[in-house]
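In what follows, a single structure is set out as structure tokens and then discussed.
Here, each number is a calculation from the coordinates, and none is a lab measurement. Computed from a predicted model, the values in this text were never measured in an experiment. We place every Cβ from the backbone using ideal geometry, glycine too, and count neighbours over all the protein chains shown.
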Amino acid sequence: MTRAKDRSATVSEVGEAEVLEVLRGPAEQHTDDPVGNGDDAAVLGPSAATVVTTDMVVEGTHFRLDLTTWGDIGRRAVAQNVSDVLAMGADCSRVLVAVAVPGETSMEQIARLSEGIHGEAARSGAVVVGGDFTRADLVVVGVTAIGTLPDGARPLRIDGAAPGDRVALTGEPGRSEAGLALILSGRPDGVLQQTYRVPVTPIGSGRAARLAGASALTDVSDGLLRDLAGVARASGVAADLVRRDLPVDPLLAEAAAVLGAPDPGARVLEWVLDGGEDHGLLGTFPPSATIPPGFTVIGRIRAGEPGEVTLDGRPRVPGGWDSARGASAMR
């Protein structure tokens, strides 16, 4: 048995080349690219427009090893990047992954991480075409996701919303934040908890929004209010949300009750409006557009103070995630 296949061995024992071999994944993966995974860099085939994004997950800031699995770390790192590609109206086709782990990390853990990375890439219709590895004091997984747009297709930016547009959302916001609250309360298992660990990105919804004529699109990673305010600010408009139209998972009310919230309704609303890392898509659609399946209309765009968001006519100050202020997912 080689050391690469001995999953009880550590990263320090097997060395960089063996770790990269495991992270590279199945040998049968292939694309039409001139150069794929395994060389100094991938050489991508021609496309009408290429969409590229990058993001990372860091131990202690975005996850804790005692609260998640190595496979889920890999899936989450890929999923949140794929979500950004979808938010441009594109489909994800390729993924590059850079991994840093402590030297005592076992090859079993690396194998589970690799399974998560490649599994989520496959679910998204993408393949892993390269990456990097090094030692570090903490676990860090950085992902670059690449997507394509058809010839002549217009990417969906965040600055295209106009007065009269409808605001629509995929999924049910707040599930990830509620899941984290349950995990931190000592309840590690459940649907909401797994939603926090691995968001389920709405594959195909970005393309559907583009084909439907969406004027703007973004993903909900920092909280519904914060991300909608970002669209409104970039577009020079204001947005009005209607509380009764917000899609609310009944599991949120159950979670609030289990956690003993003094006002369960208020706790649920806080999760829905300010809970981040759901990675649904938030778009604006002109009055003449047909809202695509999977989207729920939750409000309107109007002329007003750029970035202002109201709920039932009352201004709301966004909470949610702000990386620059050092907010931690482990709060």
Rounded to 10°, Cα long-axis angle of helix 70-86 versus longest principal axis of the chain
50
With +1 on each Lys and Arg Cβ and -1 on each Asp and Glu Cβ, and nothing else charged, work out how big the dipole of the chain is about its Cα centre, in Debye to the nearest 20.
860
For segment 76-97 and segment 276-308, write down the distance between their C-alpha centroids in whole Å.
20
Pull up the DSSP beta bridges for the chain and report the antiparallel fraction as a percent, rounded to 5.
75
Principal-axis tilt of helix 107-123 within the chain, Cα atoms, nearest 10 degrees
40
Computed label-point distance, nm, for sites Arg135 and Asp6 using a 7 Å Cα→Cβ extension
1.8
Quick check on the chain: helices-only [θ] at 222 nm, where DSSP H runs of length 4 and up contribute -39,500 (n - 2.57) each and the sum goes over total residues. Nearest 500, please.
-9500 deg cm²/dmol
When Arg267, Arg135, Arg233 are ranked with the fewest other C-beta atoms within 10 Å first, the list becomes Arg135, Arg233, Arg267
Could you give the length gained by full extension between Arg154 and Leu67, i.e. 0.36 nm per residue of separation minus their alpha carbon distance, to one decimal place?
27.3 nm
Given labels modelled 7 Å from the Cα in the Cβ direction, how far is it in nm from Met56 to Glu305?
3.7
Förster radius 35 Å - calculated FRET efficiency between Asp189 and Val317, Cβ distance, rounded to 0.05
0.55
Two-site FRET efficiency, Thr290 against Ala261, from Cβ-Cβ distance with R₀ of 51 Å, rounded to 0.05
0.85
Within-13-Å neighbourhood charge of Thr310 [Cβ basis; K, R +1; D, E -1]
+1
Of all DSSP beta bridges with both partners in segment 78-213, the antiparallel percent, nearest 5, is 55
For segment 188-247, the spread of Cα positions along each principal axis, largest first, Å
42, 26, 22
